[in-house]
Amino acid sequence: MRVLGIMSGTSADGADLVLADLGGRPPGLEWTVREHRSVPFPAELRQRVLLALRGDMHTRALALLHHELGRFYAEAAEPLAGRVELAALHGQTIWHEPPLATFQIGEAAYLAEALGCPVVADFRPADLAVGGEAAPLVAYPDLLLYGEKGVRRAIHNLGGISNLTYLPGLEGEGVFAFDTGPGNCLLDEAAARLGLTYDPGGSLARRGRVDVEKATAWLSHPYFTRKPPKSTGRELWRLDNLETEGLRPYDLLATLTYFTARSIVQAYHDFVLPQGLDEVWVAGGGAYNQALMEQVRAGLPVPVYTFEERGHDSRLREALAFAVLGYLRFNGLPNVLPAVTGASRAAIAGKLCLPAAAR
């Protein structure tokens with residue numbers, strides 16, 4: 001079955017689209033990536049998404065954004081029309097506060113009409129409804145795509161939020177996943193103070209000095225000592241929630257890079273290394289931030305590779321994972337590991353949206 005996965009993450013910079021051939025049933029999933037596209041948000045749309053992420057948007061504006069994002073996804077996918085049998089749309093998370101709520105926007109009906117095929121969307125509420133964190137959802141696809149017999153591997157995503165999946169081999173038993181805390185979100189927000197959308201390669205952070213005292217204070221946040229399962233979002237990790245007074249722009253970036261790296265390293269030492277670990281594969285935009293990666297590598301006693309260094313494209317990881325989630329949902333198969341999210345049972349997550357002619 002040819003499935004299109006569409007993902008826009010907490011970095012809020014645009015959408016990744018992955019077209020893949022998927023077949024078989026777990027654990028014998030068969031997969032081949034056919035095409036990948038990255039489509040950036042127009043500047044004005046991105047600013048409105050970031051406004052929504054801060055919780056500073058009234059009802060009418062939020063409703064308009066929900067439909068505008070739906071049209072954006074449809075336009076991004078339209079060149080693939082006629083080649084897609086099923087689409088899986090993550091949407092844009094604008095609020096994540098488990099166990100109370102999780103909220104993704106981007107109306108799926110526009111995508112169903114543009115492609116003329118079923119769309120699976122709104123994946124997270126099903127897991128929340130059975131007591132889970134509704135995140136991370138990609139642990140099961142990670143197991144099916146990247147699990148390897150006899151290898152204890154962590155798949156790490158450095159998006160806006162940093163999260164990891166621990167794969168002890170090929171079996172589901174022992175798999176766990178959680179958000180370690182901030183990834184690129186604070187760095188991007190600090191870069192915006194210099195008129196940029198991100199810190200290219202960590203070059204700006206290298207020009208500053210780390211305020212270890214401030215970073216240590218930030219690392220005392222109780223989220224970091226909470227045991228998995230756990231998840232977080234931009235609701236918590238934004239600059240106005242941190243004490244940054246007195247930090248000049250480059251020093252702020254240097255201190256945030258140090259803080260982000262230390263929070264990741266500490267998560268591995270607290271929760272992953274005691275289980276036994278052979279290697280880490282890193283995907284997401286943060287994999288290209290050399291300053292951040294150097295600090296993560298220096299803090300871990302195992303090899304840390306980018307996806308590219310292991311023969312994969314890091315940009316594909318999350319969109320491909322959601323293509324798998326959609327494929328499983330369409331075939332009526334559980335697609336979330338309850339041990340990962342803390343749910344009472346495995347959810348068949350995602351809501352099906354059909355083209356108008358098929359309803």
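Converting phi to 3J(HN,Hα) with the Karplus coefficients 6.51, -1.76 and 1.60 and the offset θ = phi - 60°, region 195-206 yields x, 10, 8, 7, 9, x, x, x, 5, 6, 4, 5 Hz in sequence order, with x at every glycine or proline. Rolling a 1.4 Å probe across the protein heavy atoms gives region 78-214 an accessible surface of 37 Å² per residue.
For the chain, what is the mean residue ellipticity at 222 nm derived from helices alone (per DSSP H run of n ≥ 4: -39500 (n - 2.57); sum divided by total residues; nearest 500 deg cm²/dmol)?
Numbers: 11 runs with 113 residues, N = 359.
Computed ellipticity for the chain at 222 nm equals -9500 deg cm²/dmol.
Rounded to whole numbers, the Karplus 3J(HN,Hα) couplings from phi for region 316-324 are 7, 3, 6, 5, 5, 4, 6, 4, 5 Hz, using 6.51 cos²θ - 1.76 cosθ + 1.60 with θ = phi - 60°, and x at Gly and Pro. Shown in residue order for region 245-250 are the 3J(HN,Hα) couplings computed by the Karplus curve 6.51 cos²θ - 1.76 cosθ + 1.60 at θ = phi - 60°: 4, x, 8, 6, x, 5 Hz (x for Gly and Pro).
Figure legend: label point modelled 7 angstrom from the Cα of residue 225 along Cα→Cβ; no residues of region 256-291 have amide N under 11 Å from it.
When a 1.4 Å probe is rolled over the protein heavy atoms, the share of accessible surface on region 71-147 that falls to carbon and sulfur comes to 54 percent. The chymotrypsin sites (Phe, Trp or Tyr not before Pro) of region 138-245 include none that DSSP puts in a loop with a beta carbon having at most 10 other beta carbons within 10 Å. Here region 208-359 exposes an accessible surface that is 51 percent carbon and sulfur, computed with a 1.4 Å probe and the other protein chains kept in place. Indicate the gyration tensor shape class of the chain (rounded, prolate or oblate), computed on the Cα atoms with a ≥ b ≥ c the square roots of the eigenvalues: a/c under 1.5 is rounded; otherwise a/b larger than b/c is prolate and the rest oblate. It comes out oblate by the Cα gyration axes.
Taking the Cβ of residue 312 as the centre, find all other residues whose Cβ is under 14 Å away and add up their charges (Lys, Arg: +1; Asp, Glu: -1). Spell out each step's value before the answer.
Numbers: positive: 153, 310, 315, 317; negative: 16, 142, 148, 279, 308, 309, 313, 318.
Net charge around residue 312: -4.
Net charge in the neighbourhood of residue 144 (other residues with Cβ under 12 Å of its Cβ; Lys, Arg +1, Asp, Glu -1) is -3. Label positions at residue 235 and residue 64, each projected 7 Å from the Cα along the C-beta direction, are separated by 2.5 nm. If you sort the three axes of the alpha carbon gyration tensor as a ≥ b ≥ c, you get a/c of 1.5 or more for region 31-162 and a/b no higher than b/c, which makes it oblate.
Sites listed here are trypsin sites (Lys or Arg not before Pro) in region 168-248 whose DSSP assignment is loop and whose Cβ has at most 13 other Cβ atoms within 10 Å: 193, 209, 226. Taking a ≥ b ≥ c as the square roots of the eigenvalues of the Cα gyration tensor, region 271-359 is classed as oblate, since a/c reaches at least 1.5 and a/b does not exceed b/c.
The values are calculated or read from the model by the stated rules, or taken from the named source; none is laboratory data. Values in this document were obtained by computation on a predicted structure and should not be read as measured data. Using ideal geometry, Cβ is built from the backbone for each residue, glycine included, and neighbour counts are taken over all protein chains shown. With ligands, DNA and RNA removed, areas are computed over all heavy atoms of the protein, side chains included. Shrake-Rupley method; radii C 1.70, N 1.55, O 1.52, S 1.80 Å.
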